[in-house]
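K.L.:
Encoded as structure tokens, here's the structure I'll be asking about.
The values are calculated or read from the model by the stated rules, or taken from the named source; none is laboratory data. Small disclaimer: the values here were computed from a predicted structure and weren't measured. Every residue, glycine among them, receives a Cβ derived from its backbone with ideal geometry; neighbour counts consider all protein chains shown. Note: areas computed on protein heavy atoms with side chains; ligands, DNA, RNA excluded. Shrake-Rupley method; radii C 1.70, N 1.55, O 1.52, S 1.80 Å.
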Amino acid sequence: MKKIAILGSTGSIGTQTLEIVRENPDLKVKGLAAGSNVELMEKQIREFAPQTAVMWSEEAAADLKKRVSDLPVRILCGMDGLLELASMDGYEVLVTAVVGMIGIRPTIAAIESGKTIALANKETLVTAGHLIMPLAKEHGVSILPVDSEHSAIFQSLNGEDTKRLSRILLTASGGPFRGKKRSELSSMTVEDALKHPNWSMGRKITVDSATLVNKALEVMEAGWLFGVSLDQIQVVVHPQSILHSAVEYVDGALIGQMGLPDMKLPIQYALFYPDRRPMKGEKLDLFRVGTLTFERPDMETFRGLCLGIRAAREGGSMPTVFNAANEKAVALFLDHKIGFLSIAELIEKCMDHHHRIENPDLGQILQAEAETYEYIEHINA
């Protein structure tokens with residue numbers, strides 16, 4: 001019996017993780033955490049019977065506590081609740097599927113408690129990779145990627161000497177606006193941005209895919225996960241989303257992982273690694289796919305990727321500013337307060353305004369996030 005906890009259980013990754021639990025009776029859920037979706041959390045508690053559940057706000061936690069008062073489940077709230085869940089005894093794997101920098105402190109707590117991390121929260125490594133990776137090594141903790149691209153890279157490295165890695169080919173679908181020019185993007189709406197051609201994801205990450213900011217975050221994450229330099233990572237636009245990423249070795253061999261665009265495969269691989277389990281659902285039919293195509297990313301049109309590469313090169317606290325500015329800008333876009341192209345413009349303004357810290361500690365990382373939020377509020381007042 002493998003026991004797990006999930007941060008972000010009501011989101012896209014969280015709910016798909018629970019689908020895998022349904023299909024594998026030897027998985028047991030010990031803890032669940034979510035933001036504000038009390039109704040869905042109640043259903044999850046009644047089905048999976050965790051010993052602990054966490055809601056972000058006190059109001060949501062109080063509501064949930066009333067709803068499940070007939071059950072032997074402990075209800076916690078806020079960051080204190082997340083930290084307690086992350087570090088509690090009785091489970092082995094923490095799935096970190098929350099969106100945003102809220103995932104950093106619980107991930108640190110889980111590592112210090114010896115938990116394996118199934119990582120679906122990009123921001124943890126983007127902003128604090130220099131803290132997280134040494135800490136995981138110190139505690140002998142594995143960080144297993146749940147992202148489809150990073151899982152593909154991880155699988156392609158399996159059994160190989162990583163010193164023989166030449167470069168990583170990080171694939172991108174190109175999002176809903178692939179092939180469009182800046183003049184066309186100026187009129188794109190929230191509804192347009194949320195029409196991803198291949199993947200079913202949350203609203204924020206879907207917009208990130210449309211701007212290619214998501215790929216910039218993945219470039220930074222890959223650097224930390226696999227110990228490679230920025231120059232060893234090549235973004236490749238692959239509209240069919242069949243090759244999920246690949247690794248090129250020094251002899252020219254290219255090894256990649258292919259499959260249908262389904263997040264359950266990388267989630268399940270992380271949960272049972274190094275084992276592979278049968279999984280229900282449609283399998284990849286290459287005859288049906290027919291053709292796979294690859295393109296260079298349009299860095300001039302999709303400036304989110306270009307700015308992310310800049311943030312990665314500058315390092316220090318700059319990736320935190322890039323990430324925080326994007327979070328705030330995407331929220332404004334989803335609220336119909338700014339246009340699509342304004343997302344990258346706001347990110348650039350924040351990066352230009354920031355005084356970079358070379359090697360920030362956790363407090364400085366969180367401060368840089370707060371200052372970025374304040375700056376955006378000031379310039380948009």
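K.L.:
Gln51 versus (1) on the phi > 0 side of the Ramachandran plot; (2) modelled with pLDDT of 95 or more; (3) out of contact with any Ser or Thr (no Cβ under 8 Å at 6 or more places or on another chain): which is the lone unmet condition?
P.N.:
Single failed check for Gln51: (1).
K.L.:
Does segment 244-293 hold any residues that are polar (S, T, N, Q) and over 22 Å from Val219 (Cβ atoms), and which are they?
P.N.:
Across segment 244-293, the qualifying residues are Gln268, Thr291.
K.L.:
Restricting to helices (runs of 4 or more DSSP H) lying wholly in segment 270-361: which have 2 or more residues that are among the polar types (S, T, N, Q)?
P.N.:
Correct list: 318-334.
K.L.:
What number of residues within segment 207-246 satisfy the criterion of being charged (D, E, K, R) and more than 21 Å from Gly259 (Cβ to Cβ)?
P.N.:
Selection size over segment 207-246: 2.
K.L.:
Determine whether segment 202-211 contains at least one residue that is under 29 Å from Ser9 (Cβ atoms) and without any contact (Cβ under 8 Å) to a residue 60 or more places away in the chain.
P.N.:
Yes - at least one qualifying residue is present in segment 202-211.
K.L.:
Quick check: anything in segment 177-197 closer than 28 Å to Gly316 by Cβ and in contact (Cβ under 8 Å) with a residue 60 or more places away in the chain?
P.N.:
First, the residues of segment 177-197 that are closer than 28 Å to Gly316 by Cβ: none.
The answer is no; no qualifying residue exists.
K.L.:
May I pose another question? I'd like the residue in segment 161-181 that is among the charged types (D, E, K, R) and under 26 Å from Leu292 (Cα atoms) and, out of all such residues, is least open to solvent (accessible area, probe 1.4 Å).
P.N.:
Lys180
K.L.:
Go through segment 78-102 and report how many residues are at negative phi, within 20 Å of the chain's Cα centre (by Cα) and surrounded by fewer than 24 Cβ atoms within 10 Å (Cβ to Cβ).
P.N.:
Here the count works out to 6.
K.L.:
When you look at Ala311, is it crowded, with 23+ Cβ neighbours inside 10 Å, touching a strand residue (DSSP E or B) at 6+ places or on another chain (Cβ under 7 Å) and modelled with pLDDT of 95 or more, yes or no?
P.N.:
So Ala311 does not fit the description; no.
K.L.:
Could you grab the pairs with beta carbons closer than 6 Å, sequence gap of 6+ or different chains, first residue in segment 342-358 and open to solvent by 60 Å² or more (accessible area, probe 1.4 Å), second one among the hydrophobic types (A, V, I, L, M, F, W, C) and modelled with pLDDT of 95 or more?
P.N.:
From segment 342-358, the pairs are Arg356/Met318.
K.L.:
Could you list all residues from segment 122-153 that are in contact with a helix residue (DSSP H, G or I) (Cβ under 7 Å, 6 or more places away or on another chain), at pLDDT 95 or above, open to solvent by 10 Å² or more (accessible area, probe 1.4 Å) and in a loop (DSSP other than H, G, I, E, B)?
P.N.:
Within segment 122-153, Val141 is the sole residue that qualifies.
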